[in-house]
């Protein structure tokens, strides 16, 4: 199994631009989680889906952030417009049972 | 609100020098406590899940233990390849979210 796949691995963009991060979960996993990791705040949950349905988006920082899961094998996290304070590493994780398995992350830099 | 505190923030050990990492937690009802390892530039890698006080799990040089208030990750005779950040997380009953600590950065010196 290839594990959780994320793209791009690195993204550098200018303030105000739209950013789309992509995730392919492990096949057969029915839950998907989006996290953000920074030095200051550590690993924070943004949103999670069960069976493609958003369950809890209370961690999404503001309306500039949105996430979708159109099918069991694909999810996106969109930031529009992006701001420098959005710079962080964004992780996607999928789960079957209790354990979550993380992707390699997308390092986002907003200048 | 669930809380997780890890200590120390950073730990440097000589190769072969055993030690323990601490994870203190506050949760209304523990569904599971999770340990992850994170290498620089990579995502967290799952290590262990503990469900109830008194439970222990081992993997190579690592052993995780759990009490009602804290968990320890014991590292026996570590090697340089054990250098990483170790993260602890808890899951509450009725909630599928994991609450993570800020991690312990472990460095093993050859």
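Throughout, read-outs are computed from the coordinates displayed, never taken from laboratory work. What you are looking at is a predicted structure, and each value in this text was computed from that prediction instead of being measured. Don't worry about glycine lacking a Cβ; one is built from the backbone with ideal geometry, like all the others, and counts go over all protein chains shown.
If you plug the beta carbon distance of residue A:38 and residue B:93 into 1/(1 + (r/R0)^6) with R0 = 30 Å, you get a FRET efficiency near 0.60.
Just counting partner chain Cβ atoms within 10 Å, what average do the residues of peptide A:95-102 show around their Cβ?
On the way: counts 2, 0, 1, 9, 8, 8, 4, 7.
Taking all residues of A:95-102 together, the mean is 5.
I need the shape label for the stretch B:24-65. Rule: rounded when a/c is under 1.5, else prolate if a/b > b/c, else oblate, with a, b, c from the alpha carbon gyration tensor.
oblate
How would the protein assembly as shown be classified by its alpha-carbon gyration tensor: rounded, prolate or oblate, with rounded meaning a/c under 1.5 and the a/b versus b/c comparison settling the rest? Verdict is prolate for the protein assembly as shown.
Among B:24, B:52, B:71, the largest mean-square fluctuation in a Gaussian network model of chain B (Cα springs under 10 Å) belongs to B:52. Label 7 Å along Cα→Cβ of residue A:111; the stretch A:1-27 residues with amide nitrogen under 17 Å? Under 17 Å, as judged by backbone N against the label point of residue A:111, lie A:10-19 of the stretch A:1-27.
Using only atoms on other chains, find how many Cβ atoms lie within 10 Å of each Cβ of peptide B:95-106 and report the average.
Working: counts 1, 10, 7, 10, 4, 6, 2, 5, 3, 0, 0, 0.
Whole-number average of other-chain Cβ neighbours for B:95-106 is 4.
Taking square-rooted eigenvalues a ≥ b ≥ c of the alpha carbon gyration tensor, is the stretch A:10-70 rounded, prolate or oblate, where a/c under 1.5 means rounded and, failing that, a/b exceeding b/c means prolate? Spell out each step's value before the answer.
Values: a/c = 1.67, a/b = 1.48, b/c = 1.13.
Since a/c reaches 1.5 and a/b is larger than b/c, the shape of the stretch A:10-70 is classed as prolate.
On a per residue basis, the convex hull of the C-alpha atoms belonging to chain B measures out at 89 Å³.
Using Cβ counts within 10 Å as a stand-in for footprinting exposure, how do A:39, A:60, A:15 rank, fewest first?
In increasing order of surrounding Cβ atoms, one gets A:39, A:15, A:60.
With both labels modelled 7 Å from their Cα along Cα-to-Cβ, the residue A:74 to residue B:45 distance reads 3.1 nm. Counting every other Cβ atom within 10 Å of each residue's Cβ, B:27, B:90, A:53 order from fewest to most as A:53, B:27, B:90. Packing order of peptides A:6-13, B:73-80, highest average first: B:73-80, A:6-13 (average count of other Cβ atoms within 10 Å over each peptide's residues).
Can you put A:24, A:68 in order, fewest other beta carbons within 10 Å first?
Numbers: A:24 19, A:68 14.
Lowest to highest Cβ neighbour count: A:68, A:24.
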